[in-house]
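All remarks here apply to the structure that follows.
The values are calculated or read from the model by the stated rules, or taken from the named source; none is laboratory data. Treat the numbers as computed from the prediction; the structure is a model and nothing was measured. Counting neighbours? That spans all protein chains shown, and the Cβs are built from the backbone with ideal geometry, glycine included. SASA here: full protein model, heavy atoms, side chains in, ligands and nucleic acids out. Shrake-Rupley method; radii C 1.70, N 1.55, O 1.52, S 1.80 Å.
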Amino acid sequence: MLTLFGLRSAITRVARELGYVVTPTSKTDFVYLGLGIVAGMLLGRITFRFGGVPVGFGTGGGCLLSGLLFGWGRSKFPVIGSFPAAASQILKDFGLATFIAAVGLSSGPDAIRLIKSYGFLLPVVGVLVVLLPACISLFVGRRFLHFDSPILLGAIAGQQCSTPAISAVTTVAGNSIPIIGYTITYAISNVLLPLLGPLLIGIAALLHQRSTP
């Protein structure tokens, strides 16, 4: 995107040679935004079976892929899909707050019951399960792969399938560069987690049966 200064007649003449004239606006293109959301939800509903296990991107993964596609379209044709930065930030903050509140409301009663049953070892193990893979990825990414910090942190947020994490990283970075690392790892994690979850549960059950006399 190129910003021109000068006489209106001269700018109009040059603009025809350069490409599109993008007029600054504070309005949101709800048609384009709505089409992107619907396309993402439809992509998220597509599933296939792998070894008897249903695998799909889910609503989050579908909307992510749709957002990439529609964002690419916006970059190629800036006259469509206007979405002011202020409106985008409001949706990010509100969506993150709603997501965290929904997780807390749905998990709160079970969390208290499980802590009463298993003690505080359960949340400690949960914290370690989250932190250890992230720390190992951070070490490998910086020491051996030499990734830039924004892209590396985005990739770690993607491997954890953590929407709050990528929102926090992009807020601190002040740009969308971490999304570059987030996209691929998020898509891969969305495929691997449904596959590995039943596998790990089956292995744990098998080990429990062998250890039980």
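Quick rundown of the values:
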read-out	value
Residue among 211, 189, 167 that alone is of a type in the set (Gly, Ala, Ser), open to solvent by 80 Å² or more (accessible area, probe 1.4 Å) and either modelled with pLDDT under 85 or over 30 Å from residue 66 (Cα atoms) (or both)	211
Test: residue in region 46-58 that is open to solvent by less than 80 Å² (accessible area, probe 1.4 Å), assigned to a loop (DSSP other than H, G, I, E, B) and closer than 24 Å to residue 154 by Cα	yes
Residue 162 vs. criteria at pLDDT below 85, among the small types (Gly, Ala, Ser), surrounded by fewer than 20 Cβ atoms within 10 Å (Cβ to Cβ) and within 10 Å of the chain's Cα centre (by Cα)	yes
Filter result for the condition that a residue is within 14 Å of the chain's Cα centre (by Cα) and surrounded by 10 or more Cβ atoms within 10 Å (Cβ to Cβ), over 114, 131, 153	153
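Residue-by-condition table, conditions (1) open to solvent by 60 Å² or more (accessible area, probe 1.4 Å); (2) touching a Phe, Trp or Tyr at 6+ places or on another chain (Cβ under 9 Å):
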residue	(1), (2)
60	no, yes
71	no, no
74	yes, yes
79	yes, yes
83	yes, yes
89	yes, no
94	yes, no
99	yes, no
103	yes, no
